[in-house]
Structures are given as C-alpha cells and as structure tokens.
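Please treat every number below as a calculation from the coordinates, not as lab data. Bear in mind that the values here come from a model prediction, so they are computed numbers and not experimental data. No Cβ is skipped: glycine too gets one built from the backbone with ideal geometry, and neighbour counts run over all protein chains shown.
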Amino acid sequence: MSNASLAETAQAMVAPGKGILAADESAPTIGKRFASIGVESTEPLRRDYRSMLFSTPGAEQFISGVILFDETLRQSMPDGEPMPQYLAGRGMIPGIKVDQGAKPLAGFPGEKITEGLDGLRERLAEYRGLGAGFAKWRAVIAIGEGAPSDYCVHANAHALARYAALCQEAGLVPIVEPEVLMDGPHPLSRCEQVTGEVLAQVFDELERHRVELEGIILKPNMVVSGSECPAQAGVDEVAEATLRALKTHVPAAVPGIAFLSGGQSAEDATAHLSAMNARGPHPWQVSFSYGRALQAPALTAWGGKAGRLAEAQQAFGERARLNGLARTGGYRPELEAA
Ligand code: 13P
C-alpha cells in the first residue's frame, strides 16, 4: 500500500464526528466481562454478542472502524457473511489486535513488556488478506514506587515502533497504544509526567524506525488522577492536563489521537473527550477508541439473553451517538438518557 493510502485510511479512522469501537478483548478479557454479568464465555455467545454490537442500526454514523480479536475476524454474522466484510460493507473499517499480551518484564518486578513481534510479518499479511485495514498493539505502563523504570518505557516504545514499521510495510495502519494505567494512589500531576515521558520515547522510537507519522493513529490514555487518589481531578483539569501532554509530545503530522477509556465510567470518558474538543481546534483529530466506555451499558442490557438484543443495541447506539457529539465538544451530561 502506498503511503498515500495509509494516510487516507488513518484519516478515515478519525473522520469528524466518528471514532473507533474497541471490541478486541482477548479470550481471557472477554471471559472477565461476561463473568461480570454472570454469562459463560463460549464461542457462539461471543459471536452473538459482537454481531449484536456490529449490526446496531445507525452505528456507522458514529463508528469509523472496529478493532477485532483474531477469533472475531474469522467469525460470521448470523446470515453467514464474514464479520470483516459485513463491517466494511457498512462503512466501518475492520481492524485487528496483533499483540500477544503484556507479560512480566524479567528483572523488573511489577512491570510488563508486550509480546508478539516474532512471526508478526506473516500474521499481518494473513490479516490483510482477511480484510483488515488497520492493526493495534497495546503497551502497558504501570505507575508505582520506582515505576515505571526507564528501561520498561524504552523496551515498550521500541516494540511499539517495530510493530508500527511492520504494519506500514504490510499496508496496515498501526494504532500505537501506550497505556499508562490509572491504577494507584498517585495524583494527576504524576500521570501527566509519566504520560509525557512515555510519549517522548514512543515518538523518538517511531522516528528511528522510519515510521510515517501520517499513517498512524495514536491511542493514549487521558491524564487522570490515580484511581485510588483521594483527590480526583475534575473534567476541565483532565482535559487541560491531557492536552498539555499531547501538545508537547505529539507531532502535528499524526492525523488523529483516539483515546482508550482505561476504566473510566462511560459518562466520564465522554465528558473528558467533549471538554478537549470544546478547546479545539487541535493539530490532530481528537477522537475515541473505547472498549469498556462504549460497551459496558450494552453488555449489562444484553445479559447473555437472545431476547434482549434490541435493548443492548439501543444502549450501544446511545453511547456511540454521545461520543460522536463529544467529537465536536457538543456533549452535555443532561443529554444522558433519564
Ligand atoms: P478500554 O477503552 O476499555 O480501555 O479499551 C480500549 C482498548 O482497546 C484497550 O486496549
């Protein structure tokens, strides 16, 4: 794929008013999500749940692309159409999670390194053949006493850049996801500092690996207070600290930033995104690539029951619509359905 078409795909992923649905939970993670509603995770139920999300009426107005897990990329809709073809037919670009998970980093207790580079070139070629237009790799950085270490940040930035270069070679837009976790008692200022350090190293490595910034999407965390911090920053503080970190470290050549929700409530994730867009225009599109913040209300409404598909779709469609509004700064908490 030419650089021009990579850039075109990246721009479509962050088209105005739209964002990405992250539905790429690995088998253990979707197992946890299903367990939270008392549902056993089986292959047919995972297919039913995800095809329910994808076939939500009107979703394509607000959803530009969907990140899939390997199993889902190979599954079919109830009428037998392969899921990636179904999504593409509705104007939602199918993407694929290609990392193989965050594993303990030897010698650095409590820190993690994301695996999956071995054989990645061959897997990317297969995924492209199956219809994927983009890929995702998530690095995980924890904040704690003495953490993150510089070594952990560097090792993860290096792996993200190697992944991104391989994606572009294969004609896939890489979503580059360095997630600074919100777990811990640290204040927002510490999250801002670590997020800045991580972004600096990620863009340094991307440049060294000759990655074309016009053909990537950055998927960062927002700068928030640690989840156990007694003083939780408000919406304006989160928006301003996040924009500060991004403006300092993310080159304008990057077409878009699509945030992860990372354990924020659905309402907070939407409010934060809206507050950032209300402060625009920015050098890049400021969008969403939420998993939990888009799916949680739908998962609860569904509850594993075939008879509740319509309610679940309504819940998902509503979150997609509100996040679509947040793309222009037009979300208000009063818009949440009573
Ligand atoms: P959350 O929005 O639930 O953090 O998920 C996004 C994601 O894709 C994590 O890799």
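Worth a mention:
- ALA4 within 18 Å of LEU172 (Cα to Cα), assigned to a helix (DSSP H, G or I) and among the hydrophobic types (A, V, I, L, M, F, W, C): yes
- Filtered residues of region 90-99 (kept if of a type in the set (Gly, Ala, Ser) and within 16 Å of the ligand (Cβ to nearest atom)): GLY95
Residues checked against (1) in a loop (DSSP other than H, G, I, E, B); (2) among the small types (Gly, Ala, Ser); (3) surrounded by fewer than 23 Cβ atoms within 10 Å (Cβ to Cβ):
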| site | (1), (2), (3) |
| --- | --- |
| ALA15 | yes, yes, yes |
| GLY31 | no, yes, yes |
| ILE37 | yes, no, yes |
| GLU60 | no, no, yes |
| GLY65 | no, yes, no |
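- Residue in region 216-237 that is nearest to ALA12 (Cα to Cα), counting only those that are crowded, with 24+ Cβ neighbours inside 10 Å and in contact with a Leu (Cβ under 9 Å, 6 or more places away or on another chain): ILE216
- Number of the exception - VAL254 against (1) crowded, with 23+ Cβ neighbours inside 10 Å; (2) β-branched (Val, Ile, Thr); (3) within 20 Å of GLN11 (Cα to Cα): (1)
- Each residue in region 1-42 was checked for being in contact (Cβ under 8 Å) with a residue 60 or more places away in the chain, among the basic types (Lys, Arg) and under 18 Å from GLY262 (Cα atoms), and 1 of them qualify.
- Test: residue in region 194-208 that is within 16 Å of the ligand (Cβ to nearest atom) and in a strand (DSSP E or B): no
- Within region 123-146, residues that are of a type in the set (D, E, K, R) have Cβ atoms under 7 Å from residues that are in a loop (DSSP other than H, G, I, E, B) in these pairs: ARG123/VAL98; ARG128/GLY171; ARG128/LEU172; LYS136/ASP24; LYS136/VAL98; ARG138/ASP99, counting only partners at least 6 apart in sequence or on another chain.
- Selected residue (criterion: farthest from the ligand (Cβ to nearest atom)) from residues of region 120-163 that are of a type in the set (Lys, Arg) and more than 17 Å from LEU206 (Cα to Cα): ARG121
- Checking LEU87 against (1) within 16 Å of the ligand (Cβ to nearest atom); (2) in contact with a Pro (Cβ under 6 Å, 6 or more places away or on another chain); (3) outside any loop (DSSP other than H, G, I, E, B), the condition it does not meet: (1)
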